[in-house]
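This report refers to the structure that appears directly beneath it.
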Amino acid sequence: MTWGQINDETLAAAAELLGVPLRRDRMQWIETATEDAIRHFAWGIGDNNPLWFDADYAAKSPAGSIVAPPCILYAVDSTIVAPKLAGVQWIYAGTEWTWLDHIRVNDSFQVDARLTKQEVKSGRRFGKWALQIGELEYRNQHGKLAAFAVGKCARTPRGDGNQKTDSETSDRHVSHRYQPSELADIEAQILSEPRQGSEPLYWEDVKVGDAVPQVIKGPLTITDIIGWYSAAQGALHYGGVHGDAVRYRRRHDDYHINEETGAKDSAGRGHLETSTGVDVGMGGAYDVGPQRIAWAQHMLTNWIGDHGFLHKLYVDVRKPNMVGDTIWWRGLVTAKRKEQGANLVDLTVEARNQVDTLSAGGTAVAALPSREDGPVPLPIARS
């Protein structure tokens, strides 16, 4: 039996799809960035930047109109490129985003997605597992390349719902119990979140070693996770609901066995339920990887303001962010340079929780206006 298992046969079947354009109908929640879709995505990540939804405010910005949070492209296509390996759990491992221009109201997209690499790995928690890497191009209604991404997914074996592996029964997450003073401090930090807004942040004024004002998310709740699903993916990634789900699971053998009922259930149930999160080796209910990366975008677009442009964001998801965890996204300027007519700032970014565990980290590149060279030139050429 190969369901839920990783072996030479299942890996070979997946490898046959290397370089082949893939169907994406189950990975695309929206096709067009309507005002509603933009507003709902911003709400889903807790980002109340008026550039995303206030038409009067946005009209006075360099963009001249409402634009979308860059990570709304997760709703256009999830960046999950994880074909074949029937019944094998996929765990989001990271994205390398490159944006070339603003995403504007009513921009619509066609996406080309291909599996480009499959690596076999081994480890203590899951034994033999695979890392699948895909490349995606997002072209707008004018045929112009607006963004491209590299998506990474870890594929880990899953039990049959009757017998648990050691990894599924160990490492149950123990929630952090906050003191009232801790919660008061977290709330105060959240409510004092700074935003550069309409005041330009000039390239000349940024120094290597500057810290980016942090963004805090948490303590994470199931409602926060549902907010992400509503904004970015619904149940499509798992085959939909009701009859759609039955047809999808018959065709793809992608499901989780509900231990209590014996029925087939969504493979994403572990994000919302502690027992299933334990079953899939994550220790309990946990956030969605792209959700956490979108929080990094929130931090960076706060910092660069209306006059800046987020060009690149490369983030690896290191550990699950469990329900009850609080995440502090922080950034640090590491270099400045001029390239292809743009004034660029290089940064490192990282997310740490309430006990200082690193849960995600990576790099970013922002384009900023210059007193000498003027506004950010868009679109930025693909490098």
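Across segment 26-51, the qualifying residues are those that are among the acidic types (Asp, Glu) and touching a residue at least 24 places away in the same chain (Cβ under 8 Å), and the one among them that is farthest from Thr221 (Cα to Cα) is Glu31. Exactly one residue out of Ala367, Ala351 is within 30 Å of His173 (Cα to Cα) and of a type in the set (Gly, Ala, Ser): that is Ala351. A single entry from Gly143, Gly94, Gly134 fulfils the requirement of being over 30 Å from Phe53 (Cβ atoms), of a type in the set (Gly, Ala, Ser) and modelled with pLDDT of 95 or more: Gly134. Among the residues of segment 321-356, the ones that are farther than 16 Å from Ala294 by Cβ and in a loop (DSSP other than H, G, I, E, B) come to 9 in all.
Candidates are the residues of segment 16-25 that are assigned to a loop (DSSP other than H, G, I, E, B) and within 16 Å of Cys153 (Cα to Cα); the one that is modelled with the lowest pLDDT is Arg24. Consider segment 334-383 and keep the residues that are surrounded by 15 or more Cβ atoms within 10 Å (Cβ to Cβ) and of a type in the set (Lys, Arg). The one that is farthest from Val317 (Cα to Cα) is Lys336. A search for C-beta distances below 8 Å between a residue of segment 251-274 that is closer than 23 Å to Ile6 by Cβ and in contact (Cβ under 8 Å) with a residue 24 or more places away in the chain and any residue that is of a type in the set (Asp, Glu) and buried (at least 18 other Cβ atoms within 10 Å of the Cβ), counting only pairs 6+ apart in sequence or on different chains, returns Tyr255/Asp265; His256/Asp265; His256/Asp279; Ile257/Asp265; Asn258/Asp265; Glu259/Asp279; Ala267/Asp254; His271/Asp287. Among the conditions (1) surrounded by fewer than 24 Cβ atoms within 10 Å (Cβ to Cβ); (2) outside any loop (DSSP other than H, G, I, E, B); (3) out of contact with any Cys (no Cβ under 8 Å at 6 or more places or on another chain), the only one that Ile72 does not satisfy is (1).
Residues are listed down the side, and each one gets a yes or a no for (1) in a loop (DSSP other than H, G, I, E, B); (2) among the aliphatic types (A, V, I, L, M); (3) under 28 Å from Pro377 (Cα atoms):
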{"position": "Ala14", "(1), (2), (3)": "no, yes, no"}
{"position": "Met27", "(1), (2), (3)": "yes, yes, no"}
{"position": "Ala37", "(1), (2), (3)": "no, yes, yes"}
{"position": "Trp43", "(1), (2), (3)": "no, no, no"}
{"position": "Leu51", "(1), (2), (3)": "no, yes, yes"}
{"position": "Tyr57", "(1), (2), (3)": "no, no, yes"}
{"position": "Ala63", "(1), (2), (3)": "yes, yes, yes"}
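Is it the case, given these coordinates, that Trp303 is touching a residue at least 40 places away in the same chain (Cβ under 8 Å), buried (at least 16 other Cβ atoms within 10 Å of the Cβ) and touching a Gly at 6+ places or on another chain (Cβ under 9 Å)? Yes, satisfied. Which of the residues spanning segment 96-128 are farther than 22 Å from Asp36 by Cβ, touching a residue at least 24 places away in the same chain (Cβ under 8 Å) and small (Gly, Ala, Ser)? Hits for segment 96-128 are Ala113, Gly127.
Inspection of segment 80-97 identifies at least one residue that is more than 29 Å from Arg251 (Cα to Cα) and within 17 Å of the chain's Cα centre (by Cα). Of all residue pairs spaced 6 or more apart or on separate chains, those with beta-carbon atoms under 7 Å, a first member in segment 195-218 that is closer than 29 Å to Asp185 by Cα and a second member that is acidic (Asp, Glu) and in a loop (DSSP other than H, G, I, E, B) are Gly197/Asp306; Ser198/Asp306; Val215/Glu193; Gly218/Asp325. Which condition does Arg158 not pass, out of (1) modelled with pLDDT under 95; (2) farther than 25 Å from Leu115 by Cα, if it passes all the others? Arg158 satisfies every listed condition except (2).
Taking segment 24-50 only, how many residues are small (Gly, Ala, Ser), more than 19 Å from Val215 (Cβ to Cβ) and surrounded by fewer than 22 Cβ atoms within 10 Å (Cβ to Cβ)?
Start the filter on segment 24-50 by keeping residues that are small (Gly, Ala, Ser), which leaves 33, 37, 42, 44, 46.
Add one more test, that the residue is more than 19 Å from Val215 (Cβ to Cβ), and what stays is 33, 37.
From the residues that got through so far, the ones that are surrounded by fewer than 22 Cβ atoms within 10 Å (Cβ to Cβ) too are 37.
Of the residues in that region, 1 qualify.
Residue-by-condition table, conditions (1) within 16 Å of Arg330 (Cα to Cα); (2) crowded, with 20+ Cβ neighbours inside 10 Å:
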position: Ala263; (1), (2): no, no
position: Ser266; (1), (2): no, yes
position: Gly277; (1), (2): no, yes
position: Met282; (1), (2): no, yes
position: Gly289; (1), (2): no, yes
position: Trp295; (1), (2): yes, yes
position: Met299; (1), (2): yes, yes
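The values are calculated or read from the model by the stated rules, or taken from the named source; none is laboratory data. Here the structure is a predicted model, which means the values were calculated and not measured. Note: ideal-geometry Cβ built from the backbone for every residue, glycine included; neighbour counts use all protein chains shown.
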